[in-house]
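The values are calculated or read from the model by the stated rules, or taken from the named source; none is laboratory data. Note that the structure is a prediction, hence the values are computed from the model and not measured. Glycine also receives a Cβ, built like all others from the backbone with ideal geometry; neighbour counts cover every protein chain displayed. Surface areas here come from the heavy atoms of the whole protein model, side chains and all, with no ligands, DNA or RNA. Shrake-Rupley method; radii C 1.70, N 1.55, O 1.52, S 1.80 Å.
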Amino acid sequence: MTSDTATAAAPGTAPAPLPLLVLGHGSDLHTERGVECPGELPSPSDPDLVERARAAKAALGDRVFVLGHHYQRDEVIEFADVTGDSFKLARDAAARPDAPFIVFCGVHFMAESADILTSDEQTVILPDLAAGCSMADMAAIAQVEDCWEQLAAAGVAEATIPVTYMNSSAAIKAFTGRHGGTICTSSNAATALEWAFEQVGGVDGTGKVLFLPDQHLGRNTAVRELGLSLDDCVIWDPHRPNGGLTRDQLERARMILWRGHCSVHGRFSVDAVETARREIPGVKVIVHPECRYEVVELADEVGSTEKIIQTIAAAPPGTSWVVGTELNLVRRLARQFPDQRIAFLEKNVCYCSTMNRIDLPHLVWALESLVEGRVVNPIRVDATVAAEARAALDRMLALPGKTHKD
């Protein structure tokens, strides 16, 4: 356990230090793409790292386009050409066809999406291949294929449409494309679910959605926005026979939720919300829809990362917030809006451990390698998988409303 500081104090006062569990160091072979860095990384204590990054980026010029996810460290965001959430960044990359190298400072599934959307002449690079996603790891393609076979054996697959959250591997997106489903972001999940239900008789019918891989986004959207009940939702546990569900439960269910969650958003608790309301007069609670249902129910505002940023940016000076999303972003918002009081929702939390694997040494190594003519850590999705995943993404892009933000 180490400590760091998240701004949680009124303007003009010192922020209170919060104990943090800082993860993301070393290699975990059980992560989505957990491998050691194959190169010689600069030392994180190298005092010239910032200048080296600037020099390498300047030498590459328009040949490189650097994408920075909102949850990245500030030391990495400083060198990003654009910032945003995963699908927005992938589309930003596709909009720069003249840049042969896309350096994606995010996690593996995001780089895969960028590879799917960009041209064959572009190469997407992930500075650290160990930057995976715990949520994406919770739905392996073999498990999902097995689930579908069991749904077919139970006689419900024909009345089921898969909807897959953007935070998933290319293989799961391809599965969704093969079975006539669509992808969603946290911004357009309700629209995606409405579309899916329309394919099997409508929201008021008896058809079903298999929602992958985040149970919380699926439940929150179905119940809070589409009017289904908690009883309409069942959880498919890939580690139990038949997902831990009976045939009768599957027949009665409307939402079959994969047993997955975000390791950061899943930590926010009812107790933390209640504590914030007791301790901070007039506080507003804003959380991401990947949070648990009971936490979302207590919040004043619920929305994607982009919505959280926009909501806080539009708030009047003096507004007090506790924010339930990744800590790097919350701390950045606190610095950007010093006339508001912005605090992290939990006191004992972790950063997104795999997102934090992308640090300045990895970025410098990736950029300097390009300067030397070496392409490191290219992300290439199999052509068949890419085509099937693209079909699911195209269905999302055809949905009404805004579909480009997570």
*Rank-order 187-195, 240-248, 205-213, 267-275 by packing density, defined as the average count of other C-beta atoms within 10 Å over each peptide's residues, highest first.*
205-213, 187-195, 267-275, 240-248
*When the Cα centres of region 104-182 and region 222-278 are compared, how far apart do they sit, in Å?*
20
*Considering the zone a paramagnetic label at GLU51 would reach in this model (a point 7 Å from Cα along the Cα-to-Cβ line), which residues of region 363-378 have amide N under 20 Å from it?*
363-369, 371-372
_Percent accessible area from carbon and sulfur atoms, the chain, protein chains only, probe 1.4 Å_ = 49
*Given LYS284/LYS307; LYS173/LYS307; LYS88/LYS284; LYS173/LYS208; LYS208/LYS307, which pairs have Cα atoms separated by over 20 Å?*
LYS173/LYS307; LYS88/LYS284; LYS208/LYS307
*Pop the C-beta distance of ASP300 and ASP204 into the FRET formula with R0 = 35 Å and round what comes out to the nearest 0.05.*
0.70
*At R0 = 22 Å, FRET efficiency that the Cβ-Cβ distance of GLU158 and ASP232 yields, to 0.05*: 0.70
*region 229-381 - percent relative contact order, Cα under 8 Å, separation 6 or more*: 18
*Which cross-chain or sequence-distant (5 or more) residues have an amide H under 5 Å from the amide H of TRP236, H modelled 1.01 Å from N in plane?*
LEU257, TRP258, ARG259
_Cα-projected label distance for ARG247 with ARG380, points at 7 Å along beta-carbon direction, nm_ = 4.7
*Hey, can you rank 362-368, 103-109, 76-82 by average C-beta count inside 10 Å, highest first?*
103-109, 362-368, 76-82
*For the chain, count the residues as N, evaluate 2.2 N^0.38 Å, and divide the Cα radius of gyration by that value, please.*
0.98
*Accessible surface, per residue, of the chain when the full set of protein chains is kept, probe 1.4 Å, Å²*: 40
